[in-house]
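The values are calculated or read from the model by the stated rules, or taken from the named source; none is laboratory data. Source: prediction; values computed, not measured. Virtual Cβ from ideal backbone geometry, glycine too; neighbours counted across all protein chains shown.
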Amino acid sequence: MSRTDTALEHGLCTCLCCHQLMRLPPGETRGRCGRCGATVHGRIERSLMLTWALVLTGTFLLVPANILPVMTVIYLGSGEPSTIIGGTLELYRNGLWGIALIVFIASIAVPVMKLVGLVVLLLQVQWRGPRNPMQSMRVYRVVAAIGRWSLLDLFMISILVALVNMGAIAEVRAGPGSTAFATVVVVTMMAVRTFDPRLLWDARYRRTAESSGLRDPVGGGGDG
Amino acid sequence: MEQGANDSATGWQQACHECDLLLGNSSAPPGGKLVCPRCAALIHRNPARSIHYTAALSISGLLLFIPAATLPMLNFSIIAFGSENTLLNGVFSLFGAGYIWLASLVLFCSVIAPFFRFLLLAFISLGCLWGALDRPVARAVRWYQHIKEWAMLDVYMLGVLVALIKMQSLGRMVVESGLYCFVGLMVLSNLTLLSFDQQSVWRRMARRRAATQAAGNGESSGAAS
């Protein structure tokens, strides 16, 4: 596939909402989908800039989210605020390692993986195209699919706050870290939405075009 | 701007939404799915009787929302002191404690977004039967695409399970009827993800538009002759 057959090259673009193909009026970079009414661009506008901004915000917020306590369990008047990591360790120490693993994956591994994955994808687009675009697409899809599961910890807090509410005997209170953590989740979910995976393929074709001066373009190592 | 789905000059009718590869117009066989040959993105899934199933599932989801949101889900007791939890209860507690942003996020993801998802699906799958509702239905499909990923009933369910196990050492935890309704709601919500296919809504609209146009042409030609 030495020539790209992308819609953009043919002056067409696809509506990300209803997947209808349409032709933009010449000279315009955006239009309105005639079928569903969504705004249509050839590529998501300022995708890289927005994604970088949201990824950086998420990275910075990860610090307070992990340092500040997310919840305090007070039992018979005593109890210490616990952070996300502390809560996971406590579950592990109590022998509930299965639940500890779930909470660890959802609230520690997933946000970090998401941010690292997005940074890798952004660098691949901006530096030199991905060597194996299928692998990048797999990263993109995993990042897009796992994002929502990090809200697990917050839902648990909201359940416990209402459930364990017996004044002096037992009480669960939310902590300021939970606000930061909620923002991390929302910001990273938005970052995935603003990232345009089609840019990966554009970058890949730029890369093969550059190297085609030296040798024949490889027929797409990732073409499945 | 051209409205037609096809670009007659080139014959391309579709492009992959994840890698922008141009494709011919091919829709998946009934019950099957179509993936992009280059990036393996899911282009189209064609579940059988999509609109009917979606209508049934979303209306039952809306009905099941009433008990799931009002009945208590869990009951926690230490010695003689007990308290119950409903879907909205936790949100109010967080709100009362001053965590407004957190409370509104939980409210949005566990109540508002799932509810609107069911409502929009019911509206889309019933509204596409009438030509007069074409524009609102198109808008509803667009909103559905935006709200889809924020409905997190399954994540909430896992949160309930974690809370259940975590607090077992402190006191007695009893599962109540609301939780069973909630499980049903979650199952319905995931089934609608499988059953809903927006392309069949668009196809139905296009068919009807073609039919009314043909009827209009027939009338006008009849009047002319």
Could you identify the single residue in B:V201, B:V162, B:V175 that is in contact (Cβ under 8 Å) with a residue 12 or more places away in the chain and surrounded by 16 or more Cβ atoms within 10 Å (Cβ to Cβ)?
B:V201
A:M22 surrounded by 20 or more Cβ atoms within 10 Å (Cβ to Cβ), in contact (Cβ under 8 Å) with a residue 40 or more places away in the chain and either more than 23 Å from the chain's Cα centre (by Cα) or more than 30 Å from B:L170 (Cα to Cα) (or both)
no
Only unsatisfied item for B:M205, checking (1) within 14 Å of chain A (Cβ to nearest Cβ); (2) farther than 26 Å from B:L34 by Cβ; (3) in a helix (DSSP H, G or I); (4) of a type outside the set (G, A, S), is (2)
Scanning the stretch A:161-185 residue by residue, the ones that are at the interface with another protein chain (Cβ under 7 Å from one of its Cβ atoms) and at pLDDT 90 or above total 3
Taking the residues in the stretch A:154-179 that are surrounded by fewer than 21 Cβ atoms within 10 Å (Cβ to Cβ) and aliphatic (A, V, I, L, M) as candidates, determine which candidate is nearest to the chain's Cα centre (by Cα).
A:M166
Is the stretch A:46-64 home to any residue that is of a type in the set (K, R) and at pLDDT 85 or above?
yes
I'd like the full set of residues that are touching a Lys or Arg at 6+ places or on another chain (Cβ under 9 Å) and aromatic (F, W, Y), limited to the stretch B:95-129.
none
Kindly establish whether B:N46 is touching a strand residue (DSSP E or B) at 6+ places or on another chain (Cβ under 8 Å), surrounded by fewer than 22 Cβ atoms within 10 Å (Cβ to Cβ), of a type in the set (S, T, N, Q) and more than 26 Å from A:M190 (Cα to Cα).
yes
Scan the stretch B:178-193 residue by residue and report those that are of a type outside the set (A, V, I, L, M) and crowded, with 19+ Cβ neighbours inside 10 Å.
B:G178, B:C181, B:F182, B:S189, B:T192
Among the residues of the stretch A:107-144, which ones are at pLDDT below 90 and closer than 26 Å to B:I147 by Cβ?
A:S107
If you take the residues of the stretch A:117-145 that are of a type in the set (A, V, I, L, M) and within 11 Å of chain B (Cβ to nearest Cβ), which of them is farthest from A:V187 (Cα to Cα)?
A:M134
If a residue must be surrounded by fewer than 20 Cβ atoms within 10 Å (Cβ to Cβ) and farther than 23 Å from B:A163 by Cβ, how many such residues does the stretch A:140-153 contain?
4
Leading residue by the ranking (surrounded by the fewest Cβ atoms within 10 Å (Cβ to Cβ)) among those in the stretch A:32-45 that are of a type outside the set (S, T, N, Q) and free of Cβ contacts under 8 Å to residues at least 12 places away in the same chain
A:R32
Can you name the condition, by its number, that B:R139 falls short on among (1) crowded, with 18+ Cβ neighbours inside 10 Å; (2) of a type outside the set (G, A, S); (3) over 19 Å from A:L154 (Cα atoms); (4) at the interface with chain A (Cβ under 9 Å from one of its Cβ atoms)?
(1)
